[in-house]
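The values are calculated or read from the model by the stated rules, or taken from the named source; none is laboratory data. Because the structure is a prediction, the values reported are computed rather than measured. We place every Cβ from the backbone using ideal geometry, glycine too, and count neighbours over all the protein chains shown. When the accessible area is computed, the model is the full protein with side chains, heavy atoms only, and any ligands, DNA or RNA have been set aside. Shrake-Rupley method; radii C 1.70, N 1.55, O 1.52, S 1.80 Å.
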Amino acid sequence: AAMVQKYQSPVRVYKHPFELIMAAYERRFPTCPLIPMFVASDTVNEYKSEDGAIHVIERRCKLDIDAPRLLKKIAGVDYVYFVQKNSLNRRERTLHIEAYNETFSNRVIINEHCCYTVHPDNEDWTCFEQSASLDIKSFFGFESTVEKIAMKQYTSNIKKGKEIIEYYLKQLEEEGITFVPRWTPPVACKLESSTSHTRRPVSPAINIPDSATKEGLNNKEILNASSSPSEPTAGTPDDKLDADYIKRYLGDLTPMQESCLIRLRQWLQETHKGKIPKDEHILRFLRARDFNIDKAREILCQSLTWRKQHQVDYILDTWNPPQVLQDYYAGGWHHHDKDGRPLYVLRLGQMDTKGLVRALGEEALLRYVLSINEEGLRRCEENTKVFGRPISSWTCLVDLEGLNMRHLWRPGVKALLRIIEVVEANYPETLGRLLILRAPRVFPVLWTLVSPFIDDNTRKKFLIYAGNDYQGPGGLLDYIDKEIIPDFLGGECMCEVPEGGLVPKSLYRTAEELENEDIKLWTETIYQSASVFKGAPHEVLIQIVDASSVITWDFDVCKGDIVFNIFHSKRAPQPPKKDSLGAHSITSPGGNNVQLIDKVWQLGRDYSMVESPLICKEGESVQGSHVTRWPGFYILQWKFHSMPACATTNLPRVDDVLASLQVSSHKCKVMYYTEVIGSEDFRGSMTSLESSHSGFSQLSAATTSSSQSHSSSMISR
């Protein structure tokens, strides 16, 4: 199986002008003592423009790769040759470097692209970026070894790149070269020479990074400015991470970790409009999955869907915890630990979990814990600014003094486990350290109940002290400054955390009251969720009375790929049949699944398609609208998107049979919201949508809207 590895660097900023960086860069050739594996290079091709602005040079580079002797012997080579093509444009002050391997090019494909450009906000600084891909088709059965060697060599060279430039800059400085003049067009000796004092190049392809891009350039310039004219975003530097920012706000990452962060972030920007999480939060999900980009993307998407569904982004501003919580929930923020992490103190032993669950229901409790976590994220950000180094997690101090059998009340433990699960899934890598103090004898029982639900990475951060051990060596003072040890632990710091205590029974509510309350609190979300199975689409009926209404939709594909359709029918479909044998009960927990279109109906006779089908991939958010032309019944349909089967034969392929055995791969999940708007009100709502979603302007980016229905569907690709 072929393996493709990709790498994308952050932006590295040199606080030196482009011309000086070029002078330093040129010194790497023909060989460079700082790169021992770079043995030699020969110029194969060279081109210079008459005015000296363009200089293209192609070199064949000889590398002595540090690989096991055996592998070299099997491969039958001592050296690996690369072709490197450098295109320098002195007028635009850019250098583009393309490199690919010549040796083994039919087995391994390595492509690298680097560019040096002028910093968009300071023309005396230079930016450097690089990206690369490695595709190993086959290598005598040593594919994974070759991959490891290549990745190791590559990442060590990334680190060296900066040192090399700085080494030659220093060398230049020692020789007294600290300034290299910019290129200026040669003065022509013809009559025009009198007009050339404007110092603007004669050629039309000027690209001055700062202002010109805003004023709109002609096509040729756009092509020069950005490699892919269809994505103007690619050129905006504020959307890129630079190496210094990563070090200051996110931490010391290896080149491959940086690359994972940049690529996941880029993917989010392309697919999720609106709020994308902060860089440090994306990084938490990557860390939780050991920087496996696909696994991290999956849990991050689930979390984003969950945040949207439960309006978590607004929790801190809009939700006021009920008085019972403020009085009886014995937890609160308390300064910070010795590493600068925010410190949360929880006096679990003093807390009447049973009373709280009975008075509030677990929903309100969960919501409260979420607001604590949201506050924790905010405090990490603040402490990162205050302490001048990245702080991405908090420390939690749990005091178990007073823990007794009441805490083992089953619904209470169940509520606790559910809360832990939600927090683990949506706030990974936020717990820096957990100090459990004054653990009583019942604690091991509770611990065996809870620990299986806690991720291994997290469990390593737990420190448990029985009795008064926390006061001894290796105790609390190793982690928390003496001045802020709370009074209830024998410290001298007044701690504002409520003392908890028993919740009066008069505040208990019946299960029915809590049920009604819960609906309001939690499950009531404007989005519905639906499951889609192979052969069982989910369909929603919308009856239209006024011919020119507008049907709008907004949905997220949480799992799997689906096809979205909209149909019109003059006759009402049969009400959906619920299977009397309860076959549906299998699917019900994952959201509803309803079919409305009768099996005997024929497309074109009983119902018609009013929009082209839209294929939507996992993780996409789609918004769109359809202006209805006729009254009657409209059916929105989300259908499983299956790969076309082998066309040449009707026999099932082995792969198809195997795939159909994996039921999970045939279930898609969609979260949707639909609304019908009168056409006169629609203009207003369009503009409101426009303001909240940039990109609504390119309405039919992904769908070809049928000419008759002025429909629009936007999809975030």
Could you pull out the GluC sites (Glu not before Pro) across the range 1-105 that fall in loop regions by DSSP (anything but H, G, I, E, B) with no more than 10 other Cβ atoms inside 10 Å? GLU50
Once the Cβ-Cβ distance between VAL56 and LYS148 is put in as r, and R0 is 41 Å, what FRET efficiency do you end up with, to the nearest 0.05? 0.75
Using only the alpha-carbon atoms, what does the range 1-58 span along each of its principal axes? Please give whole angstrom values in decreasing order. 49, 32, 26
Heavy atoms of TRP183 accessible to a 1.4 Å probe, total area in Å² rounded to 10: 40
Pull out a ≥ b ≥ c, the square roots of the eigenvalues of the alpha-carbon gyration tensor of the range 318-506, then state rounded if a/c is under 1.5, prolate if not and a/b is larger than b/c, and oblate in the remaining case. rounded
What distance in nm separates the simple spin-label points at ASP598 and VAL442, each placed 7 Å from Cα in the Cβ direction? 6.3
For the range 378-385, 3J(HN,Hα) per residue [Karplus equation, 6.51 cos²θ - 1.76 cosθ + 1.60, θ = phi - 60°, Hz, x = Gly/Pro]: 5, 5, 4, 4, 5, 5, 4, 5
Tell me, what % of the accessible area of the range 292-373 is carbon and sulfur with a 1.4 angstrom probe? 42
Label-to-label distance, nm, for residues given as ILE464 and SER133 (7 Å Cα→Cβ offset): 5.0
Rh_Kirkwood(the range 5-175) over Cα pairs, Å, one decimal, evaluates to 17.3
Given a Förster radius of 22 Å and the C-beta distance between THR184 and GLU26 as r, what FRET efficiency does 1/(1 + (r/R0)^6) yield to the nearest 0.05? 0.65
Quote to one decimal, in nm, the extra length available between ILE97 and TYR81 on full extension: 0.36 nm per residue of separation minus the C-alpha distance between them. 4.2 nm
Estimated inter-spin distance, SER49 and ASP487, nm [label 7 Å along Cα→Cβ]: 7.6
In the range 5-175 the accessible area split gives carbon plus sulfur, as whole percent at 1.4 Å, a share of 51
Ranking TRP630, TRP409 from most to least accessible area with a 1.4 Å probe gives TRP630, TRP409
